[in-house]
Amino acid sequence: MALLDVKDMTQYFGGLCAVSEFSVALEEGQLAALIGPNGAGKTTVFNLVSGFYKPTRGEILFKGRSIKGLKPHDVTARGIARTFQNIRLWFDMTVLDNIRIAQYHALGYGLLDCFLRTPRYMKREREIEEHAMNVLERLGLREVAGEFPKNLPYGVQRLVEIARALSIKPALLMLDEPAAGLNSSDVEGLIKLIGDIHKDFGLAIWMIEHQMDVVMSLCSWIKVIDFGATIAEGTPEEIQNNPEVIKAYLGDDTI
Amino acid sequence: MKRLSVPALLAAVFAVLVWASQTGAMNIYWQSVVMFMGVNIILSSSLNIINGNMGEFSCGHAGFMAVGAYVSSVLSVALFAKSAAFGDPLLSPHLAVWIFPLVLLAGALAASLVGLLVAIPSFKTRGDYLAIITIAAAYIVKSTIENIGIIGGARGFMGMSSVMRAMNDTANLPWIMIWVVLGTIFSVWLIRRFIYSTFGKGVDAISQDEIAAEIMSVDTDRVKLVAFMVSCGLAGLAGGLFAHILGYVNPGSFTILKSTEVMVMVYLGGMGSLSGSVLSAILITLLMEALRPLQIVKWVVIPLLLVLLMQFRPEGIMGRRELADVFPGLRKFYKFKG
Ligand SMILES: Nc1ncnc2c1ncn2[C@@H]1O[C@H](COP(=O)(O)OP(=O)(O)OP(=O)(O)O)[C@@H](O)[C@H]1O
Ligand SMILES: [Mg+2]
């Protein structure tokens, strides 16, 4: 059984068909990519899977159960975490708080515990903080735990966003253009980091990425969409030589 | 040491205020100023959860205050005093001292339930539209009260002074001062525990990026519900205290003017700053007293203050910071965050 099984997912925005008959089956621990020209509908696919939109048609199964129509926080609680194309951290809260808040799905206490500072509350808050620090440590972000993201360089903000998503302990991590805006040395670091995370945490990673060196060096399977429709899928070699893909990217020399 | 410094300070303040009220070292006028200060602290620090931490714009805080004021007043009069509306007291007036906190609590719970009137629309509505809903909710409350004959309608409701007298007969202490100071400490303490928990930080997450909050597993509807209910409930507690300080209430005390007053306190203190809300509630209460001779002109001065504030220091006295961020030296004396 596939970890994520999307069947014939279709999304209209008014008259615009942003995603059409999209299907994908991601296995546990797989590292896959979703690529396509600008405006192809890639981010919309992520938004549909994470519950931000409800698809016009189609089915989304995660671990064998339908997650279509669930609220985003429920989808996340079931084990799908993501980052955003345009960084969406809480910029006026410390990095540590950013990670802590992402533990909401596993809070384990209620309002009354919070007022009374019950042992359960104290224990969970301690565990949450420890867990957050561990995740930050793992990504080499321990030093910035007390900083506000707004004061951090762009590359570090990207890492914090990945840390926040990872801290949810997802079974599937979706990265929306993680290399966007990074310089070439940062990109190398990112490739290594994603590879390491993938190995260490044993999770499935699905990424949208325009930089082909990132995709080609990491992903074992690639799906290409254009104008919402799938135009190709397969291994990096197959994709690189696919005439449809080359056509879609014509004039774009990234491939 | 550090852990105990704040409780010790609060205990000292409490003792001094009770002693000064009991012996008359503080005259009746100043006693009432201090008590209104307490009520205002509760109002501004609770509104700060919504207008500061959550970044919404509630203009109806006085409405929730009214619910607490009326529910607790009606309960305390029905239970402990002889009145035209409810006849003989249901319980012995000597029990008032013990049961009064529950009466206040009932007022707070009622106010937090009425808070649902705003909390539920807030799931789908934000910003200006929600602000309009808060105004509407406050008007619904006010008109409802004005149209219930048994609680005096527009004329108001009284009899709470005899409840306070009954407490005095049981034990000769400045009871209302005691309840106001305890209620104020309780409220600020509750809010502090809430907003510094991971649970409560969800409120700030919503204000900074609601979509990110929802996708990062924060159940934003639940957070909004809790935030509104806590905020409105405490406004209700403030209302209950307010009614018992005055000894009577009428709907005219809970107009948009009162809500505005509380908003001025929140924005003067700095949105999202709990210590800012407390400080500015104290300042504004004093200022209002100082301006009392101006009577209605006061209502030119205070909005003008708001205009100047927004022009020259829109972030308020404290910005988003707390006392301990402004004066890091304070951390030596008390344990702040967490
Ligand atoms: N909420 C929305 N309402 C209307 N149209 C939308 C909405 N979201 C996306 N679209 C449209 O859907 C199409 C696909 O957008 P999407 O953001 O998914 O593209 P993308 O493949 O992620 O592009 P990029 O590489 O630029 O990030 C675009 O034409 C976009 O304008
Ligand atoms: Mg995109």
Any residue in the range A:134-151 that is more than 29 Å from residue A:9 (Cα to Cα), in contact with a helix residue (DSSP H, G or I) (Cβ under 9 Å, 6 or more places away or on another chain), within 16 Å of ligand 2 (Cβ to nearest atom) and not in a helix (DSSP H, G or I)?
no
In this structure, does residue B:266 turn out to be at the interface with chain A (Cβ under 9 Å from one of its Cβ atoms), within 13 Å of the chain's Cα centre (by Cα) and in a helix (DSSP H, G or I)?
no
If a residue must be in a loop (DSSP other than H, G, I, E, B) and either closer than 16 Å to residue A:215 by Cβ or away from ligand 2 (no atom under 16 Å from the Cβ) (or both), how many such residues does the range A:24-51 contain?
9
All positions within the range A:193-235 that are more than 16 Å from ligand 1 (Cβ to nearest atom) and part of a loop (DSSP other than H, G, I, E, B)
A:202, A:203, A:219, A:220, A:235
Those residues that are more than 16 Å from ligand 1 (Cβ to nearest atom) and either hydrophobic (A, V, I, L, M, F, W, C) or closer than 18 Å to residue A:44 by Cβ (or both), I need them from the range A:236-249; list them, please.
A:239, A:246
Among the candidates B:226, B:218, single out the residue that is of a type outside the set (Lys, Arg), within 10 Å of chain A (Cβ to nearest Cβ) and not in a helix (DSSP H, G or I).
B:218
Exactly one condition in (1) at pLDDT below 95; (2) farther than 30 Å from residue B:153 by Cβ is false for residue B:188; which is it?
(1)
Enumeration of residues in the range B:190-215 that are facing chain A (nearest Cβ under 7 Å), surrounded by fewer than 22 Cβ atoms within 10 Å (Cβ to Cβ) and not in a helix (DSSP H, G or I)
B:209
Of all residues in the range A:90-122 being aliphatic (A, V, I, L, M) and either more than 7 Å from chain B (Cβ to nearest Cβ) or within 16 Å of ligand 1 (Cβ to nearest atom) (or both), which is farthest from residue A:47 (Cα to Cα)?
A:116
Among the residues of the range B:114-135, which ones are touching a residue at least 12 places away in the same chain (Cβ under 8 Å) and among the aliphatic types (A, V, I, L, M)?
B:114, B:116, B:117, B:118, B:119, B:120, B:130, B:131, B:133, B:135
Which ranges mark the helices (runs of 4 or more DSSP H) fully within the range B:270-333 that have 1 or more residues being aromatic (Phe, Trp, Tyr)?
B:298-312
Out of A:137, A:129, A:125, A:143, sole residue that is free of Cβ contacts under 8 Å to residues at least 60 places away in the same chain, over 22 Å from the mean Cα position of the chain (by Cα) and away from chain B (no Cβ under 13 Å)
A:143
Pick from B:173, B:109: which is farther than 17 Å from residue B:253 by Cβ and in a helix (DSSP H, G or I)?
B:109
When the residues of the range A:15-36 are narrowed to those that are surrounded by 17 or more Cβ atoms within 10 Å (Cβ to Cβ) and within 10 Å of ligand 1 (Cβ to nearest atom), which ends up nearest to the chain's Cα centre (by Cα)?
A:34
Hey, can you tell me all the residues within the range A:1-23 that are within 16 Å of ligand 2 (Cβ to nearest atom) and either of a type in the set (Val, Ile, Thr) or within 14 Å of chain B (Cβ to nearest Cβ) (or both)?
A:19
All positions within the range A:52-81 that are more than 9 Å from every other protein chain (Cβ to nearest Cβ) and either within 16 Å of ligand 2 (Cβ to nearest atom) or not in a loop (DSSP other than H, G, I, E, B) (or both)
A:53, A:57, A:58, A:59, A:60, A:61, A:62, A:65, A:66, A:80
Run residue A:165 past the list (1) within 29 Å of residue A:104 (Cα to Cα); (2) among the small types (Gly, Ala, Ser); (3) assigned to a helix (DSSP H, G or I); (4) touching a helix residue (DSSP H, G or I) at 6+ places or on another chain (Cβ under 8 Å) and report the number of the one that doesn't hold.
(4)
For the range A:1-14, give me each residue that is touching an Asp or Glu at 6+ places or on another chain (Cβ under 9 Å) and within 16 Å of ligand 1 (Cβ to nearest atom).
A:6, A:9, A:10
I'd like the full set of residues that are among the aromatic types (Phe, Trp, Tyr) and touching a residue at least 24 places away in the same chain (Cβ under 8 Å), limited to the range B:1-54.
B:14, B:36
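For (1) surrounded by fewer than 18 Cβ atoms within 10 Å (Cβ to Cβ); (2) over 25 Å from residue A:81 (Cα atoms); (3) among the hydroxyl-bearing types (Ser, Thr, Tyr), each residue gets a yes or a no:
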| site | (1), (2), (3) |
| --- | --- |
| A:184 | yes, yes, yes |
| A:189 | yes, no, no |
| A:206 | no, no, no |
| A:215 | no, no, no |
| A:220 | yes, no, yes |
| A:228 | no, no, no |
| A:234 | yes, no, no |
| A:242 | no, yes, no |
Of the listed residues (A:179, A:165), the one being over 14 Å from residue A:36 (Cβ atoms) and either within 16 Å of ligand 2 (Cβ to nearest atom) or loosely packed, with under 14 Cβ neighbours inside 10 Å (or both) is A:179
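The values are calculated or read from the model by the stated rules, or taken from the named source; none is laboratory data. Just so it is clear, the structure is predicted and the values come from calculations on it, not from any experiment. Note that we place each Cβ from the backbone using ideal geometry, even for glycine, and neighbour counts take in every protein chain shown.
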